[in-house]
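Undergrad: Encoded as structure tokens, here's the structure I'll be asking about.
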There are 2 protein chains.
Amino acid sequence: MTTLSTKERILNSTERLIAEHGFAELSIRKISLKAHTNLAAINYHFGNKEQLINQVLERRLNNLFEVRMKMLHDLNQGDEKLACNLEQILHAFIAPALYMINDEHQGGKVFMKVLARAYAEQSDSLHELLAKRYTPIIKEFAEAIHLACPELPRATIFWRFHFIIGALTYAMGDFGASSMAKQMPEAEYFNKSVEELIQFAVASLTS
Amino acid sequence: MTTLSTKERILNSTERLIAEHGFAELSIRKISLKAHTNLAAINYHFGNKEQLINQVLERRLNNLFEVRMKMLHDLNQGDEKLACNLEQILHAFIAPALYMINDEHQGGKVFMKVLARAYAEQSDSLHELLAKRYTPIIKEFAEAIHLACPELPRATIFWRFHFIIGALTYAMGDFGASSMAKQMPEAEYFNKSVEELIQFAVASLTS
DNA sequence: ATGCGATTTAAACGACCGTTTGAATTGCTA
DNA sequence: TAGCAATTCAAACGGTCGTTTAAATCGCAT
């Protein structure tokens, strides 16, 4: 194990604690204990608890959204107005979230649970952060879907894409807790989730 | 306003506080203040905080699930093996949740936010309570869907119904917070949500 | 090696938490 | 109306919370 900076250890520990025990039980003291650092180090490096949580989310959201955008743009190489396969578009949106989940070493798996928790919190600062990040990417993907399915009204696309995000978020947060998960190895269940989710999303947009 | 018992006032206040501020900020003191009662009255009537929260959920979950079951059974009147319209089946599952939301007087609207929060919490007791309630109803609805769509593999039905529940839950928790919500009156947005959600669910099951 | 800014530390602050206690009050029955 | 059980109440319990303070320590350029 490489030696991590105090700041990184705090971010990682916070992420894990939220994923494992939720926001309600999260405390500065538990974080500092898990990160093998001092209580005050957290306020020193992050100001306060709220800013720490925001940075935990931002750190990975930035990466997740960059990957999604890159995969989308790679689909219509150069030509922005080229209509592409609906399944590919949804793959570009869904798969990065699941790749991230599989990235055990970087804690992406943990993060997706954090993200699911964050959605359900009604903390204004969290909601703002998520809305600010999601708005542009939703617009881009909705536009791509419109090109792929020109017969679908734009409003319908927005509604259904919104619902797909809900299903994805819910599935990620529930990952491993489902009764289906216990009937097969975790890796297999994971891959199956990706496949089923994409097929589900495609079907929901091709009525 | 009719005079409510202390127990009812505590349940109602707890429900509202969870919906408005989440589980993290919920405290016995805030509940007793909102319910115009004493701190100790809560422990007197409910034992402890955890049991109070469980009762808040059970009170409405029981009603919600009864209505769903009744609507499903009313579809195939008497004849259990009669295949019925997929849209009607999904309506029986989705609409009661939304009727409940619209039932302002009984606080159903508030409750759906509570439910959305509860999903994201990883409290074992909450998860157990929800799993115990959901398992039988999911089986019944999956069976009805199977009769309506015999060409769909049973496993696929379970996966997609699971995703639909996710979309529904997410939509309910997000109700009113969406950017779309601000562009039309609340009642209209609500009815539109029902319609779009059912159409979305139907589409996702008829690939 | 010395000085200085960056970092870490122990300790304490006031505030709020869930729960318990035992006395006061209420509502109903005998 | 007397008495008893159900309910409400003020007060206190031990604990945990987020944050702050000031001293100790570290890393590194001079």
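The values are calculated or read from the model by the stated rules, or taken from the named source; none is laboratory data. If you're wondering where the values come from, they're calculated on a predicted model, not measured in any experiment. With ideal geometry, Cβ positions are generated from the backbone for all residues, glycine too; neighbour counts draw on all protein chains shown. In case anyone asks, the SASA skips ligands and DNA or RNA and just uses the protein heavy atoms, side chains included. Shrake-Rupley method; radii C 1.70, N 1.55, O 1.52, S 1.80 Å.
Undergrad: Filtering the range A:149-164 down to residues that are hydrophobic (A, V, I, L, M, F, W, C) and open to solvent by 30 Å² or more (accessible area, probe 1.4 Å), which residue is farthest from the other protein chains (Cβ to nearest Cβ)? Let's see the steps before the verdict.
TA: Just the residues of the range A:149-164 that are hydrophobic (A, V, I, L, M, F, W, C), to begin with: A:149, A:152, A:155, A:157-159, A:161, A:163-164.
From what is left, the residues that are open to solvent by 30 Å² or more (accessible area, probe 1.4 Å) are A:155, A:158.
On the way: A:Ala155: 8, A:Phe158: 7 Å.
My answer is A:Ala155.
Undergrad: So which of A:Leu33, A:Leu17, A:Leu26 is within 12 Å of DNA strand D (Cβ to nearest atom), outside any helix (DSSP H, G or I) and touching a Ser or Thr at 6+ places or on another chain (Cβ under 9 Å)? Before the answer, list the steps.
TA: Values: A:Leu33 fails: outside any helix (DSSP H, G or I); A:Leu17 fails: outside any helix (DSSP H, G or I).
So the residue among A:Leu33, A:Leu17, A:Leu26 that is within 12 Å of DNA strand D (Cβ to nearest atom), outside any helix (DSSP H, G or I) and touching a Ser or Thr at 6+ places or on another chain (Cβ under 9 Å) is A:Leu26.
Undergrad: Within the range A:168-191, does at least one residue satisfy the condition of being at pLDDT 85 or above, within 11 Å of chain B (Cβ to nearest Cβ) and open to solvent by less than 20 Å² (accessible area, probe 1.4 Å)?
TA: Our first condition is that a residue be at pLDDT 85 or above; within the range A:168-191, this holds for A:168.
Of the ones still in play, those that are also within 11 Å of chain B (Cβ to nearest Cβ) are A:168.
This time we only want the ones that are open to solvent by less than 20 Å² (accessible area, probe 1.4 Å), so: A:168.
Among the residues of the range A:168-191, at least one is at pLDDT 85 or above, within 11 Å of chain B (Cβ to nearest Cβ) and open to solvent by less than 20 Å² (accessible area, probe 1.4 Å), which makes the answer yes.
Undergrad: I've got another one for you. Can you report the number of residues in the range A:1-45 which are of a type in the set (Phe, Trp, Tyr) and touching a Lys or Arg at 6+ places or on another chain (Cβ under 8 Å)?
TA: Pass one, the range A:1-45, residues of a type in the set (Phe, Trp, Tyr): A:23, A:44.
With the extra rule that they be touching a Lys or Arg at 6+ places or on another chain (Cβ under 8 Å), the set shrinks to A:23.
Within the range A:1-45, residues that are of a type in the set (Phe, Trp, Tyr) and touching a Lys or Arg at 6+ places or on another chain (Cβ under 8 Å) number 1.
Undergrad: How many residues does the range A:36-54 hold that are away from every other protein chain (no Cβ under 14 Å), in contact with a helix residue (DSSP H, G or I) (Cβ under 7 Å, 6 or more places away or on another chain) and part of a helix (DSSP H, G or I)?
TA: Within the range A:36-54, residues that are away from every other protein chain (no Cβ under 14 Å), in contact with a helix residue (DSSP H, G or I) (Cβ under 7 Å, 6 or more places away or on another chain) and part of a helix (DSSP H, G or I) number 7.
Undergrad: Do you know which residues across the range B:39-58 are near DNA strand C (Cβ under 8 Å from one of its atoms) and aliphatic (A, V, I, L, M)?
TA: Listed by number, the residues that qualify are B:Leu39, B:Ala40, B:Ile42, B:Leu52.
Undergrad: Is it the case that B:Glu8 is out of contact with any strand residue (DSSP E or B) (no Cβ under 6 Å at 6 or more places or on another chain), away from chain A (no Cβ under 14 Å), at pLDDT 90 or above and within 16 Å of DNA strand D (Cβ to nearest atom)?
TA: Yes.
Undergrad: Considering only the range A:39-50, state which residues are open to solvent by 20 Å² or more (accessible area, probe 1.4 Å) and near DNA strand D (Cβ under 8 Å from one of its atoms).
TA: If the condition is that a residue be open to solvent by 20 Å² or more (accessible area, probe 1.4 Å) and near DNA strand D (Cβ under 8 Å from one of its atoms), then A:Leu39, A:Ala40, A:Asn43, A:Tyr44, A:Gly47, A:Asn48, A:Lys49, A:Glu50 are the ones that fit.
Undergrad: Looking at the range B:18-38, which of the residues that are aliphatic (A, V, I, L, M) and open to solvent by less than 20 Å² (accessible area, probe 1.4 Å) is nearest to DNA strand C (Cβ to nearest atom)?
TA: Out of the qualifying residues, it is B:Leu26.
Undergrad: For the range B:138-148, how many residues are within 14 Å of chain A (Cβ to nearest Cβ) and crowded, with 21+ Cβ neighbours inside 10 Å?
TA: 1
Undergrad: Just to be sure before I move on: is B:Ile18 away from chain A (no Cβ under 14 Å) and either within 20 Å of the chain's Cα centre (by Cα) or within 28 Å of A:Ser27 (Cα to Cα) (or both) in the structure I sent?
TA: Values: away from chain A (no Cβ under 14 Å): no; either within 20 Å of the chain's Cα centre (by Cα) or within 28 Å of A:Ser27 (Cα to Cα) (or both): yes.
No: the conditions fail for B:Ile18.
Undergrad: Restricting to the range A:55-65, count the residues that are open to solvent by 50 Å² or more (accessible area, probe 1.4 Å) and either in contact with a helix residue (DSSP H, G or I) (Cβ under 6 Å, 6 or more places away or on another chain) or closer than 18 Å to A:Ile28 by Cβ (or both).
TA: Result for the range A:55-65: 1.
Undergrad: Related question: Can you tell me which condition B:Val67 does not meet? The list is (1) assigned to a helix (DSSP H, G or I); (2) within 7 Å of DNA strand C (Cβ to nearest atom); (3) within 30 Å of B:Ala95 (Cβ to Cβ), and all the others hold.
TA: In the conditions (1) assigned to a helix (DSSP H, G or I); (2) within 7 Å of DNA strand C (Cβ to nearest atom); (3) within 30 Å of B:Ala95 (Cβ to Cβ), B:Val67 misses (2) alone.
Undergrad: Can you name the residue in the range B:51-64 that is within 16 Å of DNA strand D (Cβ to nearest atom) and not hydrophobic (A, V, I, L, M, F, W, C) and is also farthest from B:Val114 (Cα to Cα) among such residues?
TA: Ranking the candidates gives B:Gln51 first.
Undergrad: Quick check on B:Ala131: is it facing chain A (nearest Cβ under 9 Å) and surrounded by fewer than 16 Cβ atoms within 10 Å (Cβ to Cβ)?
TA: yes
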